[in-house]
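Peer 1: Quick one: this structure, given as structure tokens, is what I'll be asking you about.
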Amino acid sequence: MSEWTTETADWYAANYGEYPTNQRVIELLEIAEDAAVVDVGCGTGSALRHAAGKVTKGTLIGVDPVPRMVEIARERLLGHPAASRIQLLEAPAHALPLADRSADLVLALDSYDHWGAEQAQAAGLREVRRILRPEGRFVVVKDGGLPGGEAAARALLAALGDAGFAVVDERDIAEDELAFTCRVCSPRS
């Protein structure tokens with residue numbers, strides 16, 4: 001989808017808003033209970049709701065540029081035990097409204113391709129690097145079903161390197177109906 005409208009946000013939320021990849025990635029990650037976690041392109045907030053079980057004393061922030069998506073995320077938080085601990089912000093990846101070095105963990109769960117054209121993606125990666133603490137981690141997940149294959153993987157790795165990230169762990173997960181690649185990155189000194 002090149003342009004996100006109310007209709008495309010509703011379609012996405014209905015079809016992928018609770019995609020099991022979000023829960024599985026959170027299960028795979030070690031996350032401190034007092035971590036500051038930012039989900040860039042948070043969609044319906046699914047990953048943050050799952051992370052709330054691990055991050056009981058920290059900060060959970062979702063950022064999405066689509067007003068309707070943020071609205072849906074807020075609706076899905078209603079009644080959730082961690083609703084008061086999850087903050088949702090409307091902003092694009094290339095202009096994150098967060099302080100420098102404020103995040104321990106930044107997530108991009110199948111959102112990187114939606115950050116815009118190559119220049120917007122590069123600017124988004126610079127923003128992630130800006131908000132990430134020196135010992136922090138950036139987790140990029142790419143669904144195995146998305147087009148692009150090896151060429152897209154090479155382009156992503158090059159973009160990560162250009163933005164000052166080193167991939168410290170890469171896992172291809174294929175379980176049941178799930179297939180995705182999870183790259184854990186840390187900022188290079």
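The values are calculated or read from the model by the stated rules, or taken from the named source; none is laboratory data. On a predicted model such as this, the values are computed, not experimentally measured, just so you know. All Cβ positions, even for glycine, are placed from backbone atoms using ideal geometry, and neighbour counts span all protein chains on display.
Rundown of residues vs (1) crowded, with 22+ Cβ neighbours inside 10 Å; (2) aliphatic (A, V, I, L, M); (3) under 23 Å from P67 (Cα atoms), yes/no style:
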residue	(1), (2), (3)
S84	no, no, yes
P97	no, no, yes
L109	yes, yes, yes
D113	no, no, yes
E118	no, no, yes
A122	no, yes, yes
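Peer 1: Which helices (runs of 4 or more DSSP H) sit wholly inside the range 1-106 and have at least 1 residues that are more than 14 Å from the chain's Cα centre (by Cα)?
Peer 2: Filter on the range 1-106 gives 6-16, 20-28, 67-77.
Peer 1: Starting from residues that are surrounded by fewer than 19 Cβ atoms within 10 Å (Cβ to Cβ) and modelled with pLDDT of 90 or more, keep the ones in the range 130-153 and report whichever is farthest from H94 (Cα to Cα). Working first, answer last.
Peer 2: First pass over the range 130-153, keeping only residues surrounded by fewer than 19 Cβ atoms within 10 Å (Cβ to Cβ): 130, 133-135, 143-153.
Remaining after also requiring modelled with pLDDT of 90 or more: 130, 133-135.
Values: R130: 11, R133: 18, P134: 19, E135: 22 Å.
Filtering first and then ranking leaves E135.
Peer 1: Looking only at the range 54-113, count every residue that is touching a strand residue (DSSP E or B) at 6+ places or on another chain (Cβ under 9 Å) and of a type in the set (G, A, S) and tell me the total.
Peer 2: Count: 10.
Peer 1: Could you please find all residues in the range 138-162 being outside any helix (DSSP H, G or I) and either in contact with a Cys (Cβ under 9 Å, 6 or more places away or on another chain) or closer than 20 Å to V37 by Cα (or both)?
Peer 2: Answer for the range 138-162, where residues must be outside any helix (DSSP H, G or I) and either in contact with a Cys (Cβ under 9 Å, 6 or more places away or on another chain) or closer than 20 Å to V37 by Cα (or both): F138, V139, V140, V141, K142.
Peer 1: Of all residues being in contact with a Gly (Cβ under 7 Å, 6 or more places away or on another chain) and in contact (Cβ under 8 Å) with a residue 40 or more places away in the chain in the range 75-105, which is nearest to D10 (Cα to Cα)? Just the residue, please.
Peer 2: If we take residues in the range 75-105 being in contact with a Gly (Cβ under 7 Å, 6 or more places away or on another chain) and in contact (Cβ under 8 Å) with a residue 40 or more places away in the chain, then R76 is nearest to D10 (Cα to Cα).
Peer 1: Follow-up. Would you check if there is a residue in the range 60-71 being within 21 Å of G124 (Cα to Cα), in contact (Cβ under 8 Å) with a residue 12 or more places away in the chain and of a type in the set (G, A, S)?
Peer 2: Yes, the conditions are met somewhere in the range 60-71.
Peer 1: Just one of (1) more than 26 Å from I131 (Cα to Cα); (2) of a type outside the set (S, T, Y); (3) in contact with a helix residue (DSSP H, G or I) (Cβ under 7 Å, 6 or more places away or on another chain) trips up E3, so point out which.
Peer 2: (3)
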